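Just below is one structure, and these are the notes that go with it.
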């Protein structure tokens, strides 16, 4: 395998997303019961990272025609990698992820398998439907916290983070659909923005983020999470959500929406930090 091929496989994997998945499992396990047994936590984190890689690869595999329009610099859309190479890579990482999960335990395997299959069908068909694709990705992200809790045998402490993750990603997925309208329209997709328009899509995002703000305050109000958690949320999450909504309403250009989507992606790390110091 040439260094160029390795480079493009790495780009296809989307390392930032992979790192976030890896850290999410560690945080989820720490929240649930601490990092014990550490071996299970590390294996679960690697497994989740591999599922994320596979999901990103198969997404580009099925979206090549859309990406030629929306993201022409992606490795498959630009012709830097063949679809066959991408699919083989996808199979390898998914099988590796499921094998690690099965080694930890049957429950871990079942969650990993279900998440992987959900993300496959998201890319294959659900992404091009009204909200079902958005809900699928959001659910898969929420399940990462469940996965971390399972790794250490405790689930209850992961419920709040899972709900927060679901809503945060749901809002971001709607934003991404607005960004991808041009390519989605030409590909025959029927997403929420294409069906109901940009204005209603931003209104939906607003409702989702308002609900997220309300729910993230509850653990602090009821003294479940500490003042430091709430301080980080107030300084690092709420202003970003407000800024994203403001900019999205003012500027519908794909470049601006892409920037806002990446900003939300980066802000996930702040959210993980807030939950970690709870």
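Annotations for the structure displayed:
- Across the chain, C-alpha contacts under 8 Å between residues 6 or more apart give a mean separation that, scaled by the residue count, equals a relative contact order of 20 percent.
- Kirkwood Rh and Cα Rg combined as Rg/Rh, the stretch 79-223: 1.03
- GNM top mover of 245, 167, 235 - the chain, alpha-carbon springs below 10 Å: 235
- Per-residue [θ]222 nm for the chain (sum of -39500 (n - 2.57) over DSSP H runs n ≥ 4, rounded to 500): -26500 deg cm²/dmol
- Overall form of the chain per C-alpha gyration tensor (a/c, 1.5; a/b vs b/c): oblate
Only the coordinates and a few stated rules stand behind these numbers; no lab work does. Being a predicted model, the structure only gives us computed values, none of them experimental.
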